Every structure is written in C-alpha cells, then in structure tokens.
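The values are calculated or read from the model by the stated rules, or taken from the named source; none is laboratory data. All values reported here derive from a predicted model rather than from experimental measurement. Every residue, glycine as well, gets a Cβ built from its backbone with ideal geometry; the counts of neighbours run over all protein chains shown.
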Amino acid sequence: MARYTGPVCKLCRREGKKLFLKGERCYTGKCSIDRRAYAPGQHGQSRKKASEYGIQLRAKQQARRYYGIPEGQFYKYFLMAESRQGVTGENLLRICESRLDNIVYQLGWANSRADARQLVVHGHFQVNGKKVDIPSYLTRVGEVVSIRDKSKDSAKIKEVLEANASRPVPAWLDKNADACEAKIVKMPEREEIAVPVEEHLIVEFYSK
C-alpha cells in the first residue's frame, strides 16, 4: 500500500479524534477537529450506527494512522506481536513504539512522526554509533539513539531542538539532552503508551 500523501487533518476528522499528525498545530485552535468535528466529505455530518466490524476497523485504522504505518507492514507487526509472549494488543503497540521514527519523535527531535520519518531517511540519526536511515528500524532495549555529529549543526535540527526543548520524554527513554542521545532502558508499559485506541479491537479485527 502506498504512503498517504494527502491532507493529514482529514485523517483525524475521519477517525473522529486527534491523532496528533501535525505536531504543535494539533494543540492549537487551528486543529481541524476543534473546528470541524465530523468526517470529511458530502455525508460527513450524517450519523451512522457503526457495526461491530466497523468499530474494529476504525480502531485498526486509528492506530495505523497514528504511527503512519502502511497496512501490509502493520499486519506484519500484528503477526510478530501474536508470536510473542504476553498480551498481543500490548505487544503490537510496543513494536510500533520501538520504531526509530517514533523514538525520534518521542525524544523531541522532530515536530511530528512524519517529520521524524523524513529526518531519519535523510540520515540525521544513528543507533549505537552507526547511521540508520530506515524509519521502520525496530530499536531494542539497551540501544542508544543519537543525532549524528554533522547533523547537530543543521539549521533544521537546531530549530526543532529549540522548539521542543521542554517536551516531556517517556520514562522508558533515558535522554541526555546535552549529548543529543538517548538510551532505550526498557519497553514501555501500556499506561506509558499514549496512542488513543483500544488495541483489543485490533486483535479482534485481525483474528476473524
């Protein structure tokens, strides 16, 4: 499935909740959900009773769009989560959280996950001292993610670091702001994952 390149605010309106796809704009009065809290399109304001399948589908789409993951890859993550010990839904969210683009966003090194993907592709980050330009790279406990030395002088990177200097960092990431690096100390617990979705519905959707 091709990567979505249209207006991301429409995705939030379609799901009926903020997916925080545009960074700081989502926290202002310019957010489309605050101004037009209904689905886009000609029939967006009509009320429809969702079926059980529809509710499960929306949960899956919300999580997938929240992290910006294509359908095929998201399903692979589900199979991976299913094969691991523990609760499948929580395992799925942990896998999504461990993606390099998500780590970069959580550390405040990008304004949104879309920005984080672009910065990773452009080679601004490294893992354990080696450049990694794959946004879907799954980090592991103990690995150190850092901004490459030559990227620290980038005007874009400096602007982002300054803008997000006060953004809180999840407890499962040990960030050293001065060194522009962070260590993954553990995988997050469910209460530490802010994704606005009921993951058990995703498991039910794929288990049919």
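For Ala63, state whether it is out of contact with any strand residue (DSSP E or B) (no Cβ under 7 Å at 6 or more places or on another chain), of a type in the set (A, V, I, L, M) and buried (at least 22 other Cβ atoms within 10 Å of the Cβ). Against the criterion (out of contact with any strand residue (DSSP E or B) (no Cβ under 7 Å at 6 or more places or on another chain), of a type in the set (A, V, I, L, M) and buried (at least 22 other Cβ atoms within 10 Å of the Cβ)), Ala63 qualifies. Listed by first and then second residue, the pairs with beta-carbon distance under 6 Å, at least 6 apart or on different chains, first residue in region 121-149 and under 15 Å from Ile184 (Cα atoms) and among the acidic types (Asp, Glu), second surrounded by fewer than 17 Cβ atoms within 10 Å (Cβ to Cβ) and modelled with pLDDT of 95 or more, are Glu143/Asn128.
The single condition among (1) in contact with a strand residue (DSSP E or B) (Cβ under 7 Å, 6 or more places away or on another chain); (2) over 16 Å from Ile69 (Cα atoms); (3) buried (at least 18 other Cβ atoms within 10 Å of the Cβ); (4) not aromatic (Phe, Trp, Tyr) that Glu181 does not meet is (3).
Yes or no, residue by residue, for (1) modelled with pLDDT of 95 or more; (2) surrounded by fewer than 21 Cβ atoms within 10 Å (Cβ to Cβ); (3) touching an Asp or Glu at 6+ places or on another chain (Cβ under 9 Å); (4) polar (S, T, N, Q):
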| residue | (1), (2), (3), (4) |
| --- | --- |
| Leu92 | yes, no, yes, no |
| Gly108 | yes, yes, no, no |
| Ser112 | no, yes, yes, yes |
| His122 | yes, yes, yes, no |
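All told, Ile69 meets the bar of being among the hydrophobic types (A, V, I, L, M, F, W, C), part of a loop (DSSP other than H, G, I, E, B) and at pLDDT 95 or above. Among residues of region 167-182 that are over 15 Å from Val104 (Cβ atoms) and not assigned by TED's automatic domain parsing to the domain that holds Asp149, none has a Cβ under 9 angstrom from a residue that is surrounded by 13 or more Cβ atoms within 10 Å (Cβ to Cβ) and of a type in the set (A, V, I, L, M) at a sequence gap of 6+ or on a separate chain. Checked against (1) closer than 18 Å to Ser154 by Cα; (2) assigned by TED's automatic domain parsing to the domain that holds Arg64, Val121 passes all but a single condition, namely (2).
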